[in-house]
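So the structure is just underneath, and the comments pick up after that.
The values are calculated or read from the model by the stated rules, or taken from the named source; none is laboratory data. Being a predicted model, the structure only gives us computed values, none of them experimental. Because the Cβ atoms are built from the backbone with ideal geometry, glycine has one as well, and the counts that use them run over all protein chains shown. All accessible areas refer to the heavy atoms of the entire protein, side chains included, with ligands and DNA or RNA removed. Shrake-Rupley method; radii C 1.70, N 1.55, O 1.52, S 1.80 Å.
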Amino acid sequence: MLLWLCATRSRFGDGGVIGVSAKASYRGVPRTALRSGTLIEGERAVPEEVPVAFSYGGSTHAVMMASPADLVDFAVGFSLTEGIISTRAEIRSIEVIEAGQGFDVQVDLQDANADALRARRRHMAGPVGCGLCGIESIEQAVRVVPVLSGSELSVYGDDIVAAMKALNEAQSLNRETRAVHGAGFYNPQKGLLAVREDVGRHNALDKLAGAVVNAGLPPNAGIVVVTSRLSVEMVQKTAILGSPILAAISAPTALAIETAESSGITLVALVRGEDFEIFTRADRIIL
């Protein structure tokens with residue numbers, strides 16, 4: 001079975017997508033399994049992984065290996081967390097074009113943003129890497145991010161547990177493949193409002209950021225919850241989105257903790273069942 005994303009064109013104003021993607025991409029492949037000492041022939045569902053290029057003004061800015069779903073959300077979230085835009089209104093339109101084995105996502109920016117990006121590209125010194133696209137210095141890798149210490153959001157410990165449980169249950173692609181990351185946006189009063197999945201944890205969070213922005217959800221009114229470890233880029237992206245609480249199933253890095261502390265984010269990790277650990281701004285969690 002193969003589910004695939006068709007080429008689409010989307011202009012803002014058509015409305016955002018909330019909830020689990022209906023375009024989860026995977027296929028069934030033959031495999032031989034060893035079960036209790038016996039070889040069993042069968043099939044396993046595996047996620048698709050394709051190159052996705054982000055082009056601005058006709059020039060490719062970055063190419064990511066990603067799941068071919070929710071690419072409009074991906075484009076908005078990537079543009080936001082990479083500092084190419086600061087608001088959704090700075091994008092005129094997005095066109096997703098099937099290109100060989102992948103997709104070219106063509107983003108048309110407002111004139112001022114396009115000029116700024118062209119100037120940035122002229123100063124790029126070398127290739128880019130996962131989670132750190134288009135940067136040209138060490139200082140940019142540990143960039144200053146928005147400070148969210150003034151946020152008044154507070155949640156109960158049960159909300160953290162419920163958010164992770166809801167995310168796990170909503171991951172339709174991971175349920176089929178057991179091979180992708182998920183990112184969700186959880187409001188304590190309304191529950192899980194958005195979920196995005198991808199083979200890459202950075203991609204899943206960028207897609208979620210785009211979904212939240214496209215739907216007009218207030219980022220400061222909810223928890224970002226992810227099924228991955230907490231590296232510094234995950235904290236940076238959450239801060240840029242504007243959510244004051246980030247929770248994860250795995251552990252944080254030292255730099256992620258330092259960045260969360262300086263940006264005023266409540267960092268909750270190792271959310272497993274009823275248990276979790278709080279590393280920064282514990283005052284937002286009511287226990």
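Go through 160-167, 94-101, 81-88 and give me the packing order, highest mean Cβ count within 10 Å leading. The partial results should precede the final answer.
Working: 160-167: 20.9, 94-101: 15.1, 81-88: 17.8.
So the order, starting with the most tightly packed, is 160-167, 81-88, 94-101.
Given the convex hull over the Cα atoms of the range 169-214, what projected area results after averaging over all orientations, in nm²?
Numbers: hull surface 12.8 nm².
Here the figure is 3.2 nm², rounded to one decimal.
What nm value, rounded to one decimal, do you get for the distance between Ala53 and Ala282 when each label is placed 7 Å out toward the C-beta?
A separation of 5.1 nm, rounded to one decimal place.
All other residues with a Cβ under 11 Å from the Cβ of Glu43 taken together, and with Lys, Arg as +1 and Asp, Glu as -1, what is their net charge? Provide the component values of the computation, followed by the final result.
Working: positive: Arg27, Arg31, Arg44; negative: Glu41.
So the surrounding residues net to +2.
Got a sec to turn the phi values of the range 57-62 into Karplus ³J(HN,Hα) couplings, 6.51 cos²θ - 1.76 cosθ + 1.60 with θ = phi - 60°, whole Hz, x for Gly and Pro?
x, x, 10, 6, 9, 7
Heavy atoms only, probe 1.4 Å: what % of the accessible area of the range 186-287 goes to carbon and sulfur, would you let me know? Don't jump to the answer; show the numbers that get you there.
Working: 1700 of 3240 Å².
Looking at the range 186-287 in its full context, I get 52 percent from C and S.
Whose amide H sits under 5 Å from the amide H of Tyr26, counting only residues 5 or more places off or on another chain, with H placed in the peptide plane?
Leu3, Glu48
Within the range 44-88, what residues put their amide N at less than 20 Å from the label point 7 Å along the Cα-to-Cβ vector of Ala116?
54-62, 74-88
Can you list the residues of the range 215-230 with backbone N under 16 Å from a point 7 Å past the Cα of Asp275, pointing along Cα to Cβ?
None, by backbone N distance to the label point.
I need the per residue convex hull volume for the range 137-203, using only the alpha carbons, in cubic angstrom as a whole number. Please report the intermediate quantities before stating the final value.
Values: hull volume 8.3 nm³, N = 67.
Value for the range 137-203: 123 Å³ per residue.
Where does the charge balance sit around Ala114 when Lys and Arg score +1, Asp and Glu -1, over other residues with C-beta under 10 Å from its C-beta?
Values: positive: Arg92, Arg118; negative: Glu90, Asp108, Asp111, Asp115.
For residues surrounding Ala114, the net value is -2.
Expressed in nm², what is the orientationally averaged projection area of the convex hull enclosing the Cα positions of the range 187-269? Write out the running numbers ahead of the final one.
Details: hull surface 19.1 nm².
So the Cα hull casts an average projection of 4.8 nm².
Averaged over every viewing direction, what's the projected area of the C-alpha convex hull for the range 52-93? Give it in nm², one decimal, please.
Hull-based average projected area comes out at 3.0 nm².
Could you rank the peptides 190-200, 32-42 by their average count of other C-beta atoms within 10 Å per residue, with the highest value first? Walk me through the numbers on the way to the answer.
On the way: 190-200: 22.6, 32-42: 7.9.
For the peptides 190-200, 32-42, the packing ranking is 190-200, 32-42.
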